[in-house]
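**Q** Below is the structure I would like to discuss, written out as structure tokens.
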Amino acid sequence: MRIVVLGAPGSGKGTQAARLKNELGIAHISTGDLLRGQVAARTPLGLKAREVMEAGRLVSDEIVLGMLEERVSQPDASKGFILDGYPRNVAQCVALEALLARIGQPLDVAILLHVPEEMLVARLAGRAAAEGRTDDNPETVRQRLHVYEQQTAPVAEHFREIDALVEVDGVGPFDEVYARILRAIEHNG
Ligand code: AP5
């Protein structure tokens, strides 16, 4: 099964995708986690990506696609995967469709998590205090939300047009949001 999880920064993509991974026995592929791994390992790619991520902008499509291609070719992704944080703009959407066609793994469903902006800001401020993720400061969060509206929201529209989008209320206790996602997959996956 191939699932895309879409939503603004702080909407719960990573949290919910990690649970889905265990339930469905497929890979959880977060382009944000892959990039943070590169930054932590101080690879040339990570050194390039770091400044862009700290500014809340998108890392180049070419870099992210290269990482994704490498990741989906790993054994744990052979039965399927949950994409968290990809695609993030229309060009990435086109690249993803080409990649899925090439590897013969069509998309089953795209899940869009809805959470109001003031709650996103509060969640990310909470994480900044608890974990100190470097892009969770108020200025970068504002920029990430802006990039989401400008570049990623049209991706959801694309999935809606091809009838692959399911919208889920992302507000509420973790378990409730998770149950809504499972129901959405059962009915639409
Ligand atoms: P990425 O890591 O993808 O970050 P993001 O999309 O901004 O998303 P977050 O991780 O902040 O939020 P989330 O929706 O996963 O929510 P989470 O579950 O963590 O990307 C970071 C950067 O990398 C980008 O800005 C960009 O620079 C670069 N990048 C990544 N992918 C790229 C791509 N494809 N192309 C180009 N650049 C790319 O939850 C957030 C918080 O809320 C947590 O503290 C959690 O505990 C809490 N929470 C979650 N659910 C609930 C709930 N139901 N109730 C209360 N709290 C909750």
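The values are calculated or read from the model by the stated rules, or taken from the named source; none is laboratory data. Keep in mind the model is a prediction, meaning the values are calculated, not measured. Every residue, glycine among them, receives a Cβ derived from its backbone with ideal geometry; neighbour counts consider all protein chains shown. Please note that ligands, DNA and RNA were not included when accessible areas were found on the heavy atoms of the full protein model with its side chains. Shrake-Rupley method; radii C 1.70, N 1.55, O 1.52, S 1.80 Å.
**Q** Please state which one of Gly85, Gly126 is on the phi > 0 side of the Ramachandran plot and either surrounded by 13 or more Cβ atoms within 10 Å (Cβ to Cβ) or of a type outside the set (Phe, Trp, Tyr) (or both).
**A** Exactly one residue qualifies, and that residue is Gly85.
**Q** Still on this structure: Which of the residues that make up the stretch 1-33 are within 8 Å of the ligand (Cβ to nearest atom), farther than 15 Å from Arg180 by Cα and open to solvent by 50 Å² or more (accessible area, probe 1.4 Å)?
**A** The answer is Asp33, and nothing else.
**Q** Pairs needed: first member in the stretch 13-25, over 20 Å from Gly172 (Cα atoms); second member anywhere, outside any helix (DSSP H, G or I); C-beta distance under 7 Å; at least 6 residues apart or different chains.
**A** Listed by first residue and then by second, the contacts come to Lys21/Ala27; Lys21/His28; Lys21/Ile82; Leu24/Met1; Gly25/Lys79.
**Q** Would a scan of the stretch 29-48 turn up a residue that is under 17 Å from the mean Cα position of the chain (by Cα), β-branched (Val, Ile, Thr) and in a strand (DSSP E or B)?
**A** yes
**Q** Consider the stretch 140-171. How many of its residues are more than 22 Å from Glu118 (Cβ to Cβ), in contact (Cβ under 8 Å) with a residue 12 or more places away in the chain and open to solvent by 60 Å² or more (accessible area, probe 1.4 Å)?
**A** Qualifying residue count, the stretch 140-171: 0.
**Q** Here is a list of conditions, (1) surrounded by fewer than 15 Cβ atoms within 10 Å (Cβ to Cβ); (2) part of a loop (DSSP other than H, G, I, E, B), and Ala98 meets all of them except one; can you say which number that is?
**A** The one condition Ala98 does not meet is (2).
**Q** For the structure I just gave you, tell me whether Arg57 is more than 10 Å from the ligand (Cβ to nearest atom), of a type in the set (Lys, Arg), open to solvent by 40 Å² or more (accessible area, probe 1.4 Å) and not in a helix (DSSP H, G or I).
**A** It is false that Arg57 is more than 10 Å from the ligand (Cβ to nearest atom), of a type in the set (Lys, Arg), open to solvent by 40 Å² or more (accessible area, probe 1.4 Å) and not in a helix (DSSP H, G or I).
**Q** Looking only at the stretch 63-100, count every residue that is more than 10 Å from the ligand (Cβ to nearest atom) and not aliphatic (A, V, I, L, M) and tell me the total.
**A** Selection size over the stretch 63-100: 14.
**Q** Hey, any hits in the stretch 166-178 for a residue that's charged (D, E, K, R), farther than 24 Å from Leu58 by Cα and in a helix (DSSP H, G or I)?
**A** Yes, the stretch 166-178 contains at least one residue that is charged (D, E, K, R), farther than 24 Å from Leu58 by Cα and in a helix (DSSP H, G or I).
**Q** When you scan the stretch 60-75, do you find a residue that is out of contact with any Phe, Trp or Tyr (no Cβ under 8 Å at 6 or more places or on another chain) and under 22 Å from Arg123 (Cα atoms), even just one?
**A** no
**Q** Could you tell me which residue of the stretch 101-111 is farthest from Ile185 (Cα to Cα), considering only residues that are open to solvent by 10 Å² or more (accessible area, probe 1.4 Å) and not in a helix (DSSP H, G or I)?
**A** Filtering first and then ranking leaves Gly104.
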